[in-house]
1. Which one of the conditions (1) surrounded by 14 or more Cβ atoms within 10 Å (Cβ to Cβ); (2) over 30 Å from P45 (Cβ atoms) does A106 fail to meet, given that it meets all the rest?
2. Can you tell me which residue is nearest to G90 (Cα to Cα) among those in region 120-141 that are touching a residue at least 24 places away in the same chain (Cβ under 8 Å), surrounded by 15 or more Cβ atoms within 10 Å (Cβ to Cβ) and not small (G, A, S)?
3. If I ask for residues that are of a type in the set (A, V, I, L, M, F, W, C) and either under 15 Å from L67 (Cα atoms) or without any contact (Cβ under 8 Å) to a residue 24 or more places away in the chain (or both), which ones from region 143-168 would you list?
4. Is there any pair linking a residue in region 74-98 that is under 13 Å from I54 (Cα atoms) to one that is among the β-branched types (V, I, T) and not in a strand (DSSP E or B), with Cβ under 6 Å and at least six apart or on different chains, and which?
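Just so it is clear, none of the values below were taken in a lab; they were calculated from the coordinates. Everything numeric here is computed off the predicted structure, so don't read it as measured data. For neighbour counting, all protein chains shown are included, and Cβ atoms are generated from backbone atoms with ideal geometry for every residue, glycine included.
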Amino acid sequence: MKNKLVSKLFVVAVPMTLVCGVLALFASAAPQSASYHSIPQKLPPPPRCSLKTIAGDYAYTIEGTLLFIPNAPPDLTLPIRGVSLAHYDGKGNKTQLDHVVVNGEAPGDEWTALSGSYTVNDDCTGWQEVFIQGGPSIRSHFIIAKGGREIREVIDANAVIAIGVRVE
């Protein structure tokens with residue numbers, strides 16, 4: 001008796017399940033209502049940056065490999081690690097103090113003072129150049145991130161990166 005009841009349920013349930021499945025497929029393939037598509041999609045506005053976006057102090061971590069070393073053999077590369085405290089004045093001028101360890105050796109001076117200039121584009125990219133007294137200039141390119149709370153930088157002509165975080 002139980003087997004006949006189960007058999008009758010299957011005879012009714014299986015076709016009903018198939019019909020529901022086919023209807024669900026057609027319903028999901030049907031075009032969406034025009035009102036849904038007429039709602040304008042709001043995209044975030046493109047970032048807008050200026051010299052003032054990064055006005056203030058940033059603590060940098062520096063790391064990578066020096067590939068270009070003036071007056072050194074061309075195949076010489078050296079690991080570099082360091083920290084820097086940079087100040088951007090909001091007008092295109094920059095000063096900083098660096099403590100950089102090259103090839104595991106501490107610098108001759110505990111802190112090296114540098115100064116230079118920077119440029120910021122509307123799209124939050126930019127470049128800067130700082131000068132070491134009695135030495136070469138260092139040029140780099142950067143991207144301003146997190147609304148000006150972070151600067152991600154790569155030093156030109158070397159495999160060195162630096163990440164600066166706003167000092168608060």
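1. The one condition A106 does not meet is (1).
2. V120
3. The answer is I143, A145, V154, I155, A157, A159, V160, I161.
4. Final answer for the pair search is Y88/I54.
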